[in-house]
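Everything below concerns the one structure shown next.
The values are calculated or read from the model by the stated rules, or taken from the named source; none is laboratory data. None of these values were measured; they are calculated from a predicted model. Backbone-built Cβ (ideal geometry, glycine too); neighbour counts: all protein chains shown. What goes into the accessible areas is simple: the full protein's heavy atoms, side chains included, and nothing from ligands, DNA or RNA. Shrake-Rupley method; radii C 1.70, N 1.55, O 1.52, S 1.80 Å.
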Amino acid sequence: MKPAPFDYLRPQTVEEAVRLLATTPDAKVLAGGQTLGPMLNLRLAQPAVLVDIGRIAELAAVTDDKDAVMIGATVTHAAIEDGRTPDPTGGFLPQVARGIAYRAVRTRGTIGGSLAHADPAADWLSALTALGAEIAIAGVRSSRRVPLSAFVRGAMETELGADELITGIRIRKLSSRARFGYHKICRKTGEFAEAIGVVVDDPERAYFCAVAGATGGRPLVMETRAAPGSGSVTVEDARQLLKGAHFTGDDYELTLHAAALHRAYQRAYAA
Amino acid sequence: MKIALTVNGRPVAGDVTPRTNLADFLREQLLLTGTHVGCEHGICGACTVEIDGEIARSCITYAVACDGSGIRTIEGFDEDALMSRLRQTFTEEHALQCGYCTPGMLIAARDLVRRKGGLSRAEIRTEMSGNLCRCTGYMGIVNAVARVMDERAGFAPSTAPTANGWLGPAPGPGASVAFPDPTPAGGREVSRAAPPPPARPAVARKPVRVTVGDIEDVDGTVRLAQSFVLEHPRQVVWQLMSDPQAVARCMPGASLDGPPRDGNISGRIEVKLGPIAASFAGEGSVKPFPGEYRQLIEGRGGDRRSGSQVSGSVDYRLSATTGEAGGEATRVAVTISYALTGLLAQLGRSAIARDLARRIGETFAQNIDAQLSGAAVAQVPVGGLSLVLQVLAARLRAMLARIFAR
């Protein structure tokens with residue numbers, strides 16, 4: 001399968017990229033191309049122009065201020081997996097990165113590309129929602145920062161305008177006392193997830209978030225404020241949490257998601 | 001487009017169309033046919049090569065994007081000691097039969113034993129899961145990789161970044177000698193019409209809650225029901241909803257060419273789901289049942305770009321009820337059914353369908369409500385919201401599903 005013909009532009013700066021997006025009809029951003037490539041080859045996507053942001057140096061940079069780390073949009077999953085980037089989470093990000101698709105995909109797939117595509121089953125979407133990450137967006141006229149929970153409207157639908165570009169993901173640092181658990185259920189390694197559970201608990205920052213991902217829509221944030229603590233959350237508790245968060249799906253799906261969430265709790269609070 | 005890159009240590013110049021993938025460039029222009037093309041959408045791993053020292057799928061990487069980079073194909077490993085050892089163990093362990101997956105399998109295996117050591121057999125399987133073999137059952141492959149990994153015990157696995165600290169997809173910005181300026185000669189401005197302003201959601205009034213029922217998929221026909229309550233008397237709602245053009249205006253992505261003629265309509269539905277865009281043009285009919293406050297709209301159409309066809313119906317019925325504040329209100333019960341054939345029919349996941357159905361239903365209900373309340377309905381954005389979106393999301397769990405998880 002070969003893609004339909006398209007034109008190819010390769011801006012060198014963010015400024016040039018957003019200008020091209022604003023002035024080029026039917027343009028699509030190409031980052032690592034690990035989702036867009038297959039869709040182009042299958043002709044499910046047939047944009048007129050690809051704007052390749054893969055060589056914009058400022059997008060592949062990671063900056064560390066005191067409270068947070070800003071990971072550039074085109075940083076690859078492999079770079080995070082290998083620990084080549086500063087990790088604000090004490091091991092959580094590499095653990096998630098390692099489980100994304102396959103190594104030959106992780107070497108080119110990017111964190112920003114994954115979020116821009118906003119597939120509900122994608123790992124970063126759920127993991128970064130649980131971390132309370134913010135998305136930095138550049139446009140022709142202005143730049144803005146949006147919490148990830150507000151960035152995603154639904155399956156493959158985000159706040160990103162056609163003339164805007166994700167420039168980075170800002171993640172607040174977890175303390176050394178933080179606990180986290182991530183579990184995804186999929187039938188085959190590297191497959192899209194059928195259910196994802198994430199728990200992040202940082203007592204020092206008084207931050208807690210439990211998320212159910214791969215629900216078909218935006219990640220569901222559990223409506224519990226306090227950390228239940230020490231892994232005492234049973235599968236039945238997880239079911240109730242999901243119901244409380246207005247989980248929609250049949251009993252099979254509820255069972256899967258409850259299992260994923262329960263295991264995420266277990267991992268977070270394992271000795 | 002002209003590109004210059006290094007392949008197996010040799011400088012190479014090429015002239016490619018942007019859509020030429022790296023695998024085709026290697027095979028057809030450079031005649032390096034050791035790189036195999038299997039699925040051509042990034043699943044099977046047969047096309048695995050190294051780009052600037054990192055393994056990658058050459059079937060979903062475009063040659064033009066590799067301008068300035070260093071590519072290594074299976075032919076480039078002839079003199080490599082580690083690859084020689086892997087070739088030997090692959091032979092001894094019967095790790096290949098037809099050989100189609102072998103070049104990709106070897107390149108992925110070499111990358112693995114270079115990066116990691118001391119893995120269990122289960123871990124080796126996990127690490128090698130991006131390469132599919134249809135003959136061996138993987139036993140021989142895992143044996144071969146495990147043997148080479150054991151032999152290397154004591155070697156420190158290489159964790160050194162290969163692309164001199166560059167964190168993005170290879171190659172980095174320094175890789176290319178000046179790439180032609182993307183703007184056409186004669187000025188900085190791209191001389192094309194500006195695109196429409198970015199899609200923004202229609203301003204929601206008081207949100208209307210939409211209940212979405214189960215989605216059935218019987219022999220390719222998907223059926224779903226949803227209902228919502230509008231705080232307006234039934235007669236008022238019917239006045240609007242008996243007009244197919246008004247209904248179309250409130251349905252994200254839909255438009256009619258004009259009023260019905262003898263109960264016949266024509267129009268189009270725009271679909272957008274992530275990077276997928278389609279426009280179904282077609283015709284249909286409208287059957288009102290005024291006594292029952294019910295209307296049945298049927299239609300069929302095609303998207304020329306993807307060669308997909310859709311047929312379906314929307315059946316809605318209004319019943320009088322009491323609103324939250326005790327006033328006259330109307331319950332709108334909608335049943336939508338559709339069947340899709342062609343390329344787009346291959347895509348679908350039921351959970352996504354439900355999410356889309358909910359959002360479509362909510363937007364539709366919100367727009368109807370806005371119009372009834374005298375507010376102008378903003379030109380409804382099609383982004384992610386359209387009737388046929390559910391179609392896209394309703395079937396196929398195998399092929400496309402995999403590529404979405406990245």
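Observations, loosely collected:
- Charged neighbours of A:Lys173, selected by a Cβ distance under 15 Å, balance to -2 (K, R count +1; D, E count -1).
- Using the Cβ of B:Phe289 as centre and a radius below 13 Å, the other residues enclosed give a net charge of +1, where K and R count +1 and D and E count -1.
- nm² value of the averaged projected area, convex hull over the Cα atoms of the range A:7-52: 3.0 nm²
- Surface/4 estimate of mean projected area, convex hull on alpha-carbon atoms of the range A:136-271, nm²: 9.5 nm²
- Sequence of A:Lys188, B:Lys2, B:Lys287 from largest to smallest accessible area, 1.4 Å probe: B:Lys2, B:Lys287, A:Lys188
- Estimated FRET transfer efficiency (A:Asp65, B:Asp262; beta-carbon r; R0 60 Å; 0.05): 0.30
- Among A:154-162, B:254-262, the order from most to least packed when residues are scored by Cβ within 10 Å on average: A:154-162, B:254-262
- If you count Lys pairs in the protein assembly as shown whose Cα atoms are under 29 Å apart, skipping same-chain pairs closer than 8 places in sequence, the total is 18.
- Accessible area in the full protein assembly, largest first, 1.4 Å probe, for B:Cys250, B:Cys44: B:Cys44, B:Cys250
- Using the Cβ of A:Val14 as centre and a radius below 11 Å, the other residues enclosed give a net charge of -3, where K and R count +1 and D and E count -1.
- Label-point gap, in nm, between B:Ser373 and A:Arg187 - each point 7 angstrom along Cα→Cβ: 4.4 nm
- Debye-sum result for the protein assembly as shown in log10 I(q)/I(0), which assumes one identical scatterer on each alpha carbon, at q = 0.07, 0.08 Å⁻¹: -0.49, -0.63
- The packing ranking of peptides B:323-329, B:140-146, highest mean first, is B:140-146, B:323-329, where packing means the average number of other beta carbon atoms within 10 angstrom of each residue.
- Surface calculation, 1.4 Å probe, protein heavy atoms: A:Leu125 sits at approximately 0 Å² accessible.
- Partner chain coverage, peptide A:26-37 - average Cβ within 10 angstrom: 5
- Other protein chain Cβ atoms within 10 Å, averaged over every residue that makes up A:2-10: 6
- Cβ charges +1 (Lys, Arg) and -1 (Asp, Glu), total dipole of the protein assembly as shown, debye: 300 debye
- Range of Cα positions in chain A per principal axis (Å), largest first: 55, 43, 32
- Averaged over A:113-120, number of beta-carbon atoms from partner chains that fall within 10 Å: 3
- Charged side chains reduced to their Cβ positions (Lys and Arg at +1, Asp and Glu at -1) give the range A:120-271 a dipole of some 520 debye around its Cα centre.
- In terms of accessible area, using a 1.4 Å probe and ignoring ligands and nucleic acids, B:Glu231, A:Glu236 rank largest first as A:Glu236, B:Glu231.
- Taking all protein chains together and rolling a 1.4 Å probe, B:Ser373 ends up with roughly 50 Å² accessible.
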